[in-house]
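Q: Just dropping this structure here.
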Amino acid sequence: MTFTQAISRITPPSPQAEQAARDRMARMGEDAWAALGRLGEYPPLLAGCTREPRLLLDKRTLVVTASEGFDRPQARPALADAAARKGALGIALTRTGCGILGIDLTPGAAPLPGVLARPVEGGSPFTRSQVTAALNLGAELGEMLWKRGTHLVILSTAAPSPARTAALAARLTRRSPARFSEGEVLAQAQSLLEQYQPSRRFYALLEALATPDMVFLAGVMAGCAARQMVVCPDGPDALAAAALVSLACPRFIHSCFCLEAGSDPVRQALIQLLEGHPLACTGTRLGCGYGTLTALPLLDGLSHLYHSLAPSGCPYPQRPSNVFH
């Protein structure tokens, strides 16, 4: 599946699934769900996105990308520890039932356990053909995750690019980059905007301002949304990629769930652009999926409550399991 095919397959939420979720919630009473606040708004949204009133979120995967390669000293131990269920990220993955999959975008990178090689050719600025190739690679990965039975995907990056995310946030929201950054990052963001001055057109923004991570992630998100999977971008780079996909296909925002707000202005502006309603507002700048992982237990608790209203013979699904063993 190509990126163009993926965005053409993204459809609006299912009204029938949303109504079925509301009918099930009505059995407990409106006051009980109102007490959950924003959390109580999620069952119909998730049901409409997945076309499934049962909230099947029992298989998840955490996708971490890095354009500079996972063989870097700071990236390799983190991935190895997480895959072995060690360290803070490994513990968080175990507690939430998520798997982890590294995607190395560096051409000619040495193979590593638990890392898929998806070389992305080109630099900055990209050519149109390089952008298209990277988007298609991402869409193919989204198709692969769907074939593995994944229901919810967390997308992050191990190589943040604060200047480019600030420049993209400024361009997409039509604000000054000074609203999102300062110091050296602000100078770099202003230089990017002055040098390229891209339009709001999707491909022009990708060619001028995006990194290999963002382009690839945009393709993954489109591929996942085309298969009615829940997409959870984590961190400014992933949120910027999600905002770019929504520019190409406005229907994408119905598949995109921003679960953790964070504290930096770039993330908050992009979440607002995506019409997101975060579950958790920790006030931190967590990376590599940590932010969304902190919010997943809330979704688990919601699913247990929701499925306690299930008809006889339709039990709550088993505890989430790791997709990638």
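The values are calculated or read from the model by the stated rules, or taken from the named source; none is laboratory data. Just so you know, these numbers come straight off a predicted model, no measurement behind them. As a convention, Cβ positions derive from the backbone with ideal geometry for all residues, glycine included, and neighbour counts pool all protein chains shown.
Q: Looking at this structure, is residue 183 at positive phi and within 18 Å of the chain's Cα centre (by Cα)?
A: Details: at positive phi: yes; within 18 Å of the chain's Cα centre (by Cα): no.
Taking the combined requirement at face value, the residue does not satisfy it.
Q: Inspect all residues belonging to region 130-147 and state whether any of them is part of a loop (DSSP other than H, G, I, E, B), more than 20 Å from residue 234 (Cβ to Cβ) and not charged (D, E, K, R). Even if it seems obvious, please write down each step before you answer.
A: Pass one, region 130-147, residues part of a loop (DSSP other than H, G, I, E, B): none.
Within region 130-147, none of the residues are part of a loop (DSSP other than H, G, I, E, B), more than 20 Å from residue 234 (Cβ to Cβ) and not charged (D, E, K, R).
Q: Test residue 243 against the criterion of being touching a residue at least 12 places away in the same chain (Cβ under 8 Å), assigned to a helix (DSSP H, G or I) and within 18 Å of residue 296 (Cα to Cα), and give yes or no. Spell out how you get there, then give the answer.
A: Working: touching a residue at least 12 places away in the same chain (Cβ under 8 Å): yes; assigned to a helix (DSSP H, G or I): yes; within 18 Å of residue 296 (Cα to Cα): no.
So residue 243 does not fit the description; no.
Q: I'd like to verify a number: residues in region 231-247 that are touching a Lys or Arg at 6+ places or on another chain (Cβ under 8 Å) and of a type in the set (Gly, Ala, Ser), how many?
A: Of the residues in that region, 2 qualify.
Q: Looking only at region 86-114, count how many residues are outside any loop (DSSP other than H, G, I, E, B) and either modelled with pLDDT of 80 or more or charged (D, E, K, R) (or both).
A: 14
Q: Please count how many residues of region 128-173 are of a type in the set (Gly, Ala, Ser), modelled with pLDDT of 90 or more and more than 15 Å from the chain's Cα centre (by Cα).
A: Residues of region 128-173 of a type in the set (Gly, Ala, Ser): 129, 133-134, 138-139, 142, 149, 156, 158-159, 161, 163, 166-167, 169-170.
Narrowing further to those that are modelled with pLDDT of 90 or more: 133-134, 138-139, 142.
From the residues that got through so far, the ones that are more than 15 Å from the chain's Cα centre (by Cα) too are 133-134.
Here the count works out to 2.
Q: Could you tell me how many of the residues in region 155-203 are assigned to a helix (DSSP H, G or I) and either among the basic types (Lys, Arg) or in contact with a strand residue (DSSP E or B) (Cβ under 6 Å, 6 or more places away or on another chain) (or both)?
A: The first filter runs over region 155-203 and keeps only residues assigned to a helix (DSSP H, G or I), leaving 162-173, 177-179, 183-196, 202-203.
Right, trim to either among the basic types (Lys, Arg) or in contact with a strand residue (DSSP E or B) (Cβ under 6 Å, 6 or more places away or on another chain) (or both) and you get 164, 171, 179.
Selection size over region 155-203: 3.
Q: Can I ask one more? State whether one or more residues within region 131-138 are touching a residue at least 60 places away in the same chain (Cβ under 8 Å), on the phi < 0 side of the Ramachandran plot and out of contact with any Phe, Trp or Tyr (no Cβ under 9 Å at 6 or more places or on another chain). Write out each step before concluding.
A: Filtering region 131-138 for residues touching a residue at least 60 places away in the same chain (Cβ under 8 Å) gives 131-132, 134-138.
Retained after the next criterion (residues that are on the phi < 0 side of the Ramachandran plot): 131-132, 134-138.
Add one more test, that the residue is out of contact with any Phe, Trp or Tyr (no Cβ under 9 Å at 6 or more places or on another chain), and what stays is none.
No: zero hits.
One line per residue, one yes/no per condition, for (1) more than 22 Å from residue 127 (Cα to Cα); (2) among the charged types (D, E, K, R); (3) surrounded by fewer than 15 Cβ atoms within 10 Å (Cβ to Cβ):
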| residue | (1), (2), (3) |
| --- | --- |
| 164 | no, yes, no |
| 171 | no, yes, no |
| 175 | yes, yes, yes |
| 178 | yes, no, yes |
| 186 | yes, no, no |
| 189 | no, no, no |
| 194 | no, yes, yes |
| 202 | no, no, no |
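Q: Further question: List pairs: first residue in region 4-33 and loosely packed, with under 12 Cβ neighbours inside 10 Å, second residue not in a loop (DSSP other than H, G, I, E, B) anywhere in the structure, Cβ distance under 7 angstrom, at least six positions apart or on different chains.
A: Once the first residue is loosely packed, with under 12 Cβ neighbours inside 10 Å and sits in region 4-33, its partners that are not in a loop (DSSP other than H, G, I, E, B) give 12/251; 12/254.
Q: Related question: Looking at region 213-221, is at least one residue charged (D, E, K, R), crowded, with 22+ Cβ neighbours inside 10 Å, in a helix (DSSP H, G or I) and in contact (Cβ under 8 Å) with a residue 24 or more places away in the chain?
A: From region 213-221, those charged (D, E, K, R) are 213; that's our starting set.
Among the residues that remain, those that are also crowded, with 22+ Cβ neighbours inside 10 Å are: 213.
Add one more test, that the residue is in a helix (DSSP H, G or I), and what stays is 213.
Filter once more, so that each one left must be in contact (Cβ under 8 Å) with a residue 24 or more places away in the chain: 213.
Yes, there is a match, as at least one residue in region 213-221 is charged (D, E, K, R), crowded, with 22+ Cβ neighbours inside 10 Å, in a helix (DSSP H, G or I) and in contact (Cβ under 8 Å) with a residue 24 or more places away in the chain.
Q: Continuing with the same structure: Can you name the residue in region 43-73 that is of a type in the set (Asp, Glu) and at pLDDT 70 or above and, of all such residues, is nearest to residue 255 (Cα to Cα)?
A: Taking region 43-73 and keeping what is of a type in the set (Asp, Glu), we get 52, 58, 68, 71.
From what's left, at pLDDT 70 or above: 52, 58.
Values: 52: 13, 58: 17 Å.
Step by step, filter region 43-73, then rank; the result is 52.
Q: Right, here's the next one. Here are 217, 239, 259: which of them is within 12 Å of the chain's Cα centre (by Cα), among the hydrophobic types (A, V, I, L, M, F, W, C) and closer than 16 Å to residue 144 by Cβ?
A: Values: 239 fails: closer than 16 Å to residue 144 by Cβ; 259 fails: closer than 16 Å to residue 144 by Cβ.
Result: 217 is the single residue among 217, 239, 259 that is within 12 Å of the chain's Cα centre (by Cα), among the hydrophobic types (A, V, I, L, M, F, W, C) and closer than 16 Å to residue 144 by Cβ.
Q: While we're on this one: If you scan region 246-273, which residues turn out to be closer than 19 Å to residue 18 by Cβ and free of Cβ contacts under 8 Å to residues at least 60 places away in the same chain?
A: Across region 246-273, the qualifying residues are 250, 253, 256.
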